[in-house]
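Structure first, then comments.
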Amino acid sequence: MVTADSGSTADTAADAANAPTAGQPDGPQRSSPTAVHPASQRRRERAPSRQKTVPVPEHMAPRTEPMVREDTEIGPRALLPVPLGTEVLDRLVQANMGRLTANLSPASVGQAFADWAFHLATSPGKQIELAVKAWRKSARLGMYAVEHAVDPATRPCIEPLAHDHRFDDHRWRNWPFDVMYQGFLLYQQWWWNAINGVRGVAPRHEDRTQFAVRQMLDTVSPSNFPATNPQVIDRAIRTGGMNFVRGTVNFLEDSRRRLVGEPPVGAEHYRPGEAVAITPGQVVYRNRLVELIQYAPTTERVHPEPVFIVPAWIMKYYILDLSPENSLIRWLRDKGHTVFCLSWRNPDASDCDFDMEDYRRNGISYAVDAIREIVPERPIHAVGYCIGGTLLAIEAARMARDGDDRFATLSFLATQVDFSEPGELELFIDESEVAYLEDVMWAQGYLDTKEMAGAFQMLRSNDLIWSRMIKEYLLGERQPMFDLMAWNADATRMPYRMHAEYLRRLFLDNALANGRYEVHSRPVALTDIGQPIFSVATEKDHIAPWRSVYKIHLLSDTEITFALTTGGHNAGIVSEPGHPRRTYRVHTTAHGEPYRDPDTWYASADRKDGSWWPEWQAWLARQSGNKVKPPRMGNPDAGLPPLIAAPGTYVFQR
């Protein structure tokens, strides 16, 4: 019978007794949406028993006098006591403000602007420099307008950045549109100069001000308006204005779908179990947070060590099991691996008290117990994707600390374990922003999918917001739906307590990298991990930048194979063999080998064409034993019978 953390000395018998088994309902039920989770209550009850009383010499005893007088209600002040619920009032106000500000803290943005504006106001030299630059840019634009009127082959006075494709169309080279977009780019460049290089401005405030100004400038780009976009004008002339009619229909349809909570147009063709997530398998274990899927083998013999995948719970698991031709799970199975994968529950307000410990225990620890019952006495190749990889690293460090050797290897896909440089997501992470977001989540019990999607879209507003609006609403063209886009629209919610802990403990405090992240009231250290590691990062990842992912070299004391592939956070990972224009770099740093900084690694790593999947699978095979007969599906004798065919039930929750 599977128990909680079997084989581990850290999890108690009380936890094992409360571990849900296959086929049982979702564990202990809460009496109210805000009730404390049973796991949290047990930890609080056990906490005092761990404390040891250590005598302290009298001269070393801490001072007991308060720093200020206690604010007691005596005398005239008792006539007007402080009302109850003042903190609740504050949180309600902040939560309702969040609905108007897209969950961006006005105080945080205001601090950044105030820092920049004050230092600029007291920098006359910088002001003179900006005035000169403004005059020079105006002169350049005027000279270009005159020269281009005489000679249409005149070179532009400024070129867009490499990733800016708003003005790629040849019609932007015609007058007067060329002057419009050139003037906009010069204006955008001037603002960049105005914000950067002001002495005394905190780097974080500078980045945040730059981000906010970029968002405002993007809204007034000449490409966003029908009268100043030559592509839209040309389309209107050729279609007699029907592009605007089709665009209006598209806008109304999208608005209706958002209001009623329906997926985008075309996503209905990519339903899990029909067009995506169709790799055959069985749910062999279920608790209140996860379903564990075991996939049916297709080879007569398999590698003896199972592969256990922990996807991120911010998204549905089938990012790794999309269409048959780009399913990583199907590909691994066909290469002779026994594959298990978690499917996370989509939490609602009643799950607001789920915390990081619940996700670790119910998501990974209990699943590992179940896998060992199905494939006994075999170490596990553990794989984590994004935040799922971060949680896997925490559990692997806990297991190493407690002498649990059930993992054979660890693979991390686009996973950060050091959050000191989290890339553009840092724009949304500071004390003010986290407190603001906590109040929003506190009011509704979770962070909604639309709120998370909005934050990620703002990081790439040109590509994900404005270009789509131009194409679908001004040009009247529907962007074709495909499997990855449909999956991206099928997002999940984040429980209040878990996401608050995640932001504070990992992003704000960077507790895992600093050795302060605790499991069972004891800190875990990534340096305790001794299993070989295969870590994959992507070159264009704006969620887990590859240089941040690379920091695992500084935090692990083991052999690390690091691969850097082209693509972004999702498309770089879903990079099946045969995918066009894919390359990657790879290098193995042996245990004890001197550290290489990211630039040195990039220059010395082997560059290879194609997908990184075969490289990783060959690495897994080298870490595995001789092939054996496939294990059976589930283990009814241990209380783990097959429950339902893959993709299970949690994947359909909205």
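Residue by residue, here is whether (1) free of Cβ contacts under 8 Å to residues at least 60 places away in the same chain; (2) open to solvent by less than 40 Å² (accessible area, probe 1.4 Å); (3) touching a Ser or Thr at 6+ places or on another chain (Cβ under 9 Å); (4) among the charged types (D, E, K, R) holds:
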| position | (1), (2), (3), (4) |
| --- | --- |
| VAL434 | no, yes, yes, no |
| TYR446 | no, no, no, no |
| ARG460 | no, no, no, yes |
| TRP466 | no, no, yes, no |
Problem set entry | Complete set of residues in segment 215-248 that are open to solvent by 70 Å² or more (accessible area, probe 1.4 Å) and in contact (Cβ under 8 Å) with a residue 60 or more places away in the chain | MET242, PHE244, VAL245, ARG246, THR248
For this session: Taking LEU413 as meeting all but one of (1) surrounded by fewer than 23 Cβ atoms within 10 Å (Cβ to Cβ); (2) under 21 Å from ILE573 (Cβ atoms); (3) among the aliphatic types (A, V, I, L, M), write down the number of the exception.
Result: (1)
Problem set entry | Residue satisfying condition, being in a loop (DSSP other than H, G, I, E, B) and on the phi > 0 side of the Ramachandran plot, within set GLU377, GLU421 | GLU377
Problem set entry | Residue among ASP355, ASP369 that is touching a residue at least 24 places away in the same chain (Cβ under 8 Å), acidic (Asp, Glu), closer than 28 Å to LYS627 by Cβ and open to solvent by less than 10 Å² (accessible area, probe 1.4 Å) | ASP369
For this session: Looking for whichever is of a type in the set (Ser, Thr, Tyr) and at pLDDT below 95 here; the options are SER350, SER327, SER365. Which one fits?
Result: SER350
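Picking from ARG333, ARG288, ARG271, ARG258, which residue would you name as being at pLDDT below 95, open to solvent by less than 30 Å² (accessible area, probe 1.4 Å) and either under 30 Å from TYR181 (Cβ atoms) or among the basic types (Lys, Arg) (or both)? I'd like the intermediate steps shown before the answer.
Working: ARG333 fails: at pLDDT below 95; ARG271 fails: open to solvent by less than 30 Å² (accessible area, probe 1.4 Å); ARG258 fails: open to solvent by less than 30 Å² (accessible area, probe 1.4 Å).
After ruling out the rest, the residue left standing is ARG288.
Filtering segment 468-479 down to residues that are assigned to a helix (DSSP H, G or I) and farther than 14 Å from PRO222 by Cα, which residue is least open to solvent (accessible area, probe 1.4 Å)? Give the derivation first.
Within segment 468-479, the subset assigned to a helix (DSSP H, G or I) is 468-474.
Those left that are additionally farther than 14 Å from PRO222 by Cα: 468, 471-473.
On the way: ARG468: 76, LYS471: 71, GLU472: 9, TYR473: 34 Å².
The qualifying residue least open to solvent (accessible area, probe 1.4 Å) is GLU472.
For VAL524, state whether it is in contact (Cβ under 8 Å) with a residue 24 or more places away in the chain, closer than 27 Å to ILE329 by Cβ and open to solvent by less than 30 Å² (accessible area, probe 1.4 Å).
For VAL524, the condition - in contact (Cβ under 8 Å) with a residue 24 or more places away in the chain, closer than 27 Å to ILE329 by Cβ and open to solvent by less than 30 Å² (accessible area, probe 1.4 Å) - is not met.
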Problem set entry | Test for PRO631: is it under 16 Å from GLY389 (Cβ atoms), buried (at least 17 other Cβ atoms within 10 Å of the Cβ) and either modelled with pLDDT of 95 or more or not charged (D, E, K, R) (or both) | no
Seminar exercise, completed: Residue pairs qualifying under the 9 Å Cβ cut-off, at least six apart or on distinct chains, with the first in segment 607-632 being at negative phi and touching a residue at least 24 places away in the same chain (Cβ under 8 Å) and the second being among the basic types (Lys, Arg) and open to solvent by less than 40 Å² (accessible area, probe 1.4 Å), are ASP609/ARG582; SER611/ARG582; TRP612/ARG582
Exercise. What are the residues in segment 373-397 that are under 20 Å from PRO311 (Cα atoms) and in contact with an Asp or Glu (Cβ under 8 Å, 6 or more places away or on another chain), if any?
Worked result: PRO379, ILE380, HIS381, ALA397
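Scan segment 538-571 for residues that are small (Gly, Ala, Ser) and under 19 Å from ALA618 (Cβ atoms) and jot them down. Before you say what the answer is, go through the steps one by one.
Step one: filter segment 538-571 for residues small (Gly, Ala, Ser), giving 544, 548, 556, 563, 567-568, 571.
Residue satisfying the conditions is ALA563 alone.
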For this session: Could you tell me whether SER350 is touching a residue at least 40 places away in the same chain (Cβ under 8 Å) and part of a helix (DSSP H, G or I)?
Result: yes
Exercise. Helices (runs of 4 or more DSSP H) wholly in segment 102-204 with at least 3 residues that are open to solvent by 30 Å² or more (accessible area, probe 1.4 Å), over 30 Å from MET452 (Cβ atoms) and β-branched (Val, Ile, Thr) - which ones?
Worked result: 124-150
Exercise. What are the pairs, 6+ residues apart or on separate chains, where a residue within segment 306-318 that is in a loop (DSSP other than H, G, I, E, B) has its Cβ under 6 Å from a residue that is of a type in the set (Asp, Glu)?
Worked result: LYS316/ASP490
For this session: Test each condition in (1) in contact with a strand residue (DSSP E or B) (Cβ under 8 Å, 6 or more places away or on another chain); (2) surrounded by fewer than 22 Cβ atoms within 10 Å (Cβ to Cβ); (3) at pLDDT 95 or above; (4) closer than 29 Å to HIS269 by Cα for ARG360 and report the one that comes out false.
Result: (4)
For this session: With the checklist (1) in contact (Cβ under 8 Å) with a residue 24 or more places away in the chain; (2) β-branched (Val, Ile, Thr); (3) farther than 18 Å from ILE195 by Cα in hand, flag the one item VAL146 doesn't pass.
Result: (1)
Exercise. Picking from ASN510, ASN514, which residue would you name as being free of Cβ contacts under 8 Å to residues at least 12 places away in the same chain and within 30 Å of THR527 (Cβ to Cβ)?
Worked result: ASN514
Seminar exercise, completed: By residue number, the members of segment 508-539 that are part of a loop (DSSP other than H, G, I, E, B) and of a type in the set (Phe, Trp, Tyr) are TYR517
Problem set entry | Cross-chain or 6+ apart pairs with Cβ under 6 Å, segment 266-286 first and closer than 15 Å to PRO642 by Cα, then surrounded by fewer than 19 Cβ atoms within 10 Å (Cβ to Cβ) and β-branched (Val, Ile, Thr) | VAL283/ILE644
For this session: Looking at (1) part of a loop (DSSP other than H, G, I, E, B); (2) touching a Leu at 6+ places or on another chain (Cβ under 8 Å); (3) under 25 Å from CYS352 (Cα atoms); (4) of a type outside the set (Gly, Ala, Ser), find the lone condition where HIS542 falls short.
Result: (3)
Exercise. Of all strands (runs of 3 or more DSSP E) completely enclosed by segment 548-609, which ones contain at least 1 residues that are open to solvent by less than 20 Å² (accessible area, probe 1.4 Å), within 24 Å of ALA513 (Cβ to Cβ) and not β-branched (Val, Ile, Thr)?
Worked result: 560-565
Problem set entry | Positions within segment 205-214 being within 11 Å of TRP192 (Cα to Cα) and either open to solvent by less than 20 Å² (accessible area, probe 1.4 Å) or not in a helix (DSSP H, G or I) (or both), in sequence order | THR209, PHE211, VAL213
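The values are calculated or read from the model by the stated rules, or taken from the named source; none is laboratory data. Every value quoted in this text rests on a predicted model; they were computed, and no experiment measured them. Positions of Cβ are backbone-derived with ideal geometry, glycine not excepted, and every protein chain shown enters the neighbour counts. Just so you know, the surface numbers come from the protein's heavy atoms only, side chains and all, with ligands and any DNA or RNA stripped out. Shrake-Rupley method; radii C 1.70, N 1.55, O 1.52, S 1.80 Å.
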